[in-house]
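Comments concern the structure below.
The values are calculated or read from the model by the stated rules, or taken from the named source; none is laboratory data. Owing to the predicted nature of the structure, the values given are computational and were not obtained by experimental measurement. Neighbour counts are summed over all protein chains in view; Cβ atoms, including those assigned to glycine, are modelled from backbone coordinates with ideal geometry. All accessible areas refer to the heavy atoms of the entire protein, side chains included, with ligands and DNA or RNA removed. Shrake-Rupley method; radii C 1.70, N 1.55, O 1.52, S 1.80 Å.
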Amino acid sequence: MAQDKKVALVTGANRGIGFETAKQLGEKGITVVVGARTLQSAEETASKLKSKGIDAYGIQLDVTSSADRAAAAKFLEEKFGKLDILINNAGVGSSTGFANVTSQVTDEELLRVFSTNLFSVVSITRELLPLLKKSDAGRIVNLSSILGSLTLHADPNSPIAHFKSFAYDGSKSALNAYTIHLAHELRDTNIKVNSAHPGWVKTEMGTDAAPMEIPEGAKTSVALALLGPDGPSGRFIHMGQELPW
Ligand code: NAP
């Protein structure tokens, strides 16, 4: 029997935007399952949230590990019988920064970045979809980036035109394509699928140069996780505004 309270899984929840997203969802009374690459890190994260009165569970979930993904699905099935919210947050950046060396990108770099930012999202979503279908309002939030916007990258006058890092940007463009395709497939269900751009946020990935603080940076993910029945699906959103694909 599925529990009444909403259940959310946040990947890469041990720090940065993922931790804050889990915290903000937990503060709204949602049970949060926090995934981290190691069990120790996941349990420490869950303890931090529990100390704030949040109903939290930590699970080992290296998103690139098929064994971890299967174990996560089993845990959610056995413990809750459903999943209401999946936040595909875990992500890695390009190792070249914004060096604009598109022609030099290696197979290893592409595989590393696409494995986490795209392939793992597709795999974990496939694995968890049966549980999301048991929710009466399933929500999937894919953490994309404005750097995945082909429209903005193609415009030489756009603010991101000179911030080109192909492995990362291409992984987020492909993730956006996945959002559109999955939302189409699920258009007649209760499940909504959206891509989020959190903003440029002060995290390890965003660096101290970023203008946004982490609590602000989690707001787009949280809003998309809590969309009502009339909310959008198959969209690319930052702080309630649509971004160009
Ligand atoms: P972050 O501080 O670098 O945190 C990334 C998180 O992802 C960490 O918890 C990390 O875990 C986890 N992670 C990486 N690979 C993983 C794997 N294989 N399995 C499980 N977890 C993994 O980054 P962030 O800024 O919070 O970014 C969160 C998301 O927002 C990312 O998808 C990112 O692309 C996107 N985003 C961020 C910004 C920004 O300005 N910060 C802008 C646009 C989009 P470990 O601690 O184990 O490494």
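The helices (runs of 4 or more DSSP H) located wholly in region 149-245 that include 3 or more residues which are open to solvent by 40 Å² or more (accessible area, probe 1.4 Å) and either in contact (Cβ under 8 Å) with a residue 24 or more places away in the chain or of a type in the set (Ser, Thr, Tyr) (or both) occupy 166-185.
Put simply, of Thr38, Thr45 the only residue that is of a type in the set (S, T, N, Q), surrounded by 14 or more Cβ atoms within 10 Å (Cβ to Cβ) and on the phi < 0 side of the Ramachandran plot is Thr45. The strands (runs of 3 or more DSSP E) located wholly in region 1-99 that include 1 or more residues which are over 16 Å from Arg139 (Cβ atoms) occupy 31-36, 56-60. Do we have any residue at all in region 158-175 that's touching a helix residue (DSSP H, G or I) at 6+ places or on another chain (Cβ under 6 Å) and closer than 17 Å to Met239 by Cβ? Checking region 158-175: at least one residue is touching a helix residue (DSSP H, G or I) at 6+ places or on another chain (Cβ under 6 Å) and closer than 17 Å to Met239 by Cβ. The residue of region 102-148 that is surrounded by the fewest Cβ atoms within 10 Å (Cβ to Cβ), among those that are among the small types (Gly, Ala, Ser) and within 14 Å of the ligand (Cβ to nearest atom), is Ser115.
If the requirement is being within 12 Å of the ligand (Cβ to nearest atom) and either touching a Phe, Trp or Tyr at 6+ places or on another chain (Cβ under 7 Å) or aromatic (Phe, Trp, Tyr) (or both), which of these qualifies: Thr45, Thr64, Thr21? Just a single option satisfies the conditions, and that option is Thr45.
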